[in-house]
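Each value in this text was obtained by applying a stated rule to the coordinates, not by laboratory testing. Remember, predicted model here, so these are calculated numbers, not experimental data. Cβ coordinates were reconstructed from backbone atoms using ideal geometry, including for glycine residues, and neighbour counts include every protein chain displayed.
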Amino acid sequence: MKKLALLLIPSLLFIACEPQENSKQNELDLLAISYVRTCLEIGQYDGDFVDAYYGPDSLKPIEPQKDEIPTLVLLNKVRGLQSSLQNFIKNTENEEDVNRASFILAQLVATEERLNIISGNTSDFDEESKKLFGVAAPSYDTSHFEEIIAKLEDVLPGSGDLKTRYAELSEKFIIPTVRLDTVLQAAIAEARRQTKLHYPIPENESFNLEYVGDKAWSGYNWYQGNYTSLIQMNTDFPISIERVIDVGSHESYPGHHVYNMLLEQKLYNEKGYIETSIYPLFSPQSFIAEGSANYGIELAFPEQEKIAFCKNTLLPLANLDTTGITAYFKALEAVSELNYAGNEVARGILNGTMTEEEGIDYLINYGFYSPEKAEQRIAFTKKYRSYVINYNYGKDLVDKYVASNSKDQDSRWEAFGDLLSRQVLPIDLVEN
Ligand SMILES: [Zn+2]
């Protein structure tokens, strides 16, 4: 009945709705443009703020950069935009417009908090992560990690100190430097093949791969727009076999490279959502980005397929013995349950309840970090602060979302692809 009525009065509908909807759209487009401009202006002063921008050059700041960041001016702009968006949401019925405005608003709440942080006005760990990333991660005490560690006794081969046993097992699967590029390219190619089986990703997509050093992170995707990425891998530390799988999927397919491409294709190119062209790193978008990229590793490489791929392809390419690979992946899975220890260290350091030295000890004892990796993690914590929750809590919530919207491997890819193609807020995953 509804359809028939609509068919009978198309011209009336056109007259009644379109001008109003158009003006609403224009209003939101203008707010989105102001959001992009403001972010680009902040990016002039905070080198970590804008992770990617592929929108028009005309939105870049024209005024020369000032000697000092004009924090108050920028805060006023951000707050003004927030209240315009709140008004817009209050006075709009169109669900898609409300969703879009809510997304930009949440990004601006994060922008305000980032401005506060860079001007030295910091909140505690949970409050910061709520403002920056939309949620606060669960907190665990040492007994939680001790329980997980006790279970490692049955998982790690050999006897004696568990950390030594874990380190010895990992060492067997370190890729010789001369083989690294070949092995990594093979891992990325397989992750891409798996992804292409499920998503029609743009024909002209591509990435460049670089090996770098002296970084606080182990891998990075710098999205360049036009369906291209620069992927960097940090070679400061020896690289074990699972790391090439992580980089192949987390940074590439179906992780960051695919997420950014889908957003560019579906939201920027098809819908003209200008806000998509900018990715402020300290924002709820990072929660979805890191959580989905970590979930994507398991999606592209389910346990059994991953072991088979390592045995048949990656380890032979690396000139490594395949003996013990199943036990190694079991150990990695068990040890990965300790990764919330990194959150507790960030929480302690940011809240001033833990020194850096105590943080290093905590990471070694409760996170099974090597001393060198623990130091790198402290450097990461100082630079990226509560960002750490995006990796583990983000992954847990993406996992929960996909599990409740799928029943088999094919529908997992489908639910995941849908998540990567929309403006989703972390709170939507909590309430899912
Ligand atoms: Zn990442």
Would you calculate the convex hull of the Cα atoms in segment 142-431 and tell me its volume per residue in Å³?
137
What does the extension gain come out to for residue 406 and residue 150, with contour length at 0.36 nm per residue minus their alpha carbon separation?
88.8 nm
So which aspartates and glutamates pass the test for residue 151, namely a Cα distance under 13 Å, with those fewer than 8 places away in the same chain ruled out?
333, 337
Can you divide the C-alpha Rg of segment 21-121 by 2.2 N^0.38 Å and report the result to two decimal places?
1.11
For residue 212, residues with placed amide H under 5 Å, excluding near neighbours
233, 234, 235
Tell me the label-point distance for the pair residue 119, residue 304, using the 7 Å Cα-to-Cβ offset, in nm and rounded to one decimal.
5.8
So who's got an amide H within less than 5 Å of the one on residue 51, skipping anything under 5 residues away but keeping other chains? H placed 1.01 Å off N, in plane.
279, 281
Starting at the first residue of segment 56-69, write each ³J(HN,Hα) from the Karplus equation 6.51 cos²θ - 1.76 cosθ + 1.60 with θ = phi - 60°, in whole Hz, x for Gly and Pro.
x, 4, 4, 8, 6, x, 9, 5, x, 4, 7, 5, 10, 5
Partner lysines whose C-alpha sits under 23 Å from that of residue 24, ignoring same-chain residues fewer than 8 away, are 77, 90, 266, 271
For segment 21-121, what relative contact order do you get, as a whole percent, if you take Cα pairs closer than 8 Å and at least 6 residues apart?
32
Peptides ranked, highest mean first, by Cβ atoms within 10 Å: ranges 338-349, 369-380, 50-61, 240-251
240-251, 338-349, 369-380, 50-61
Ranked on Cβ counts within 10 Å of their own Cβ, fewest leading, 388, 109 go 109, 388
Charge tally for neighbours of residue 231 with beta carbon under 10 Å away, counting Lys, Arg as +1 and Asp, Glu as -1, is -2
Pairs from 196/382; 196/373; 172/400; 60/131 whose Cα-Cα separation, in the structure shown, is over 32 Å:
196/382; 196/373; 172/400
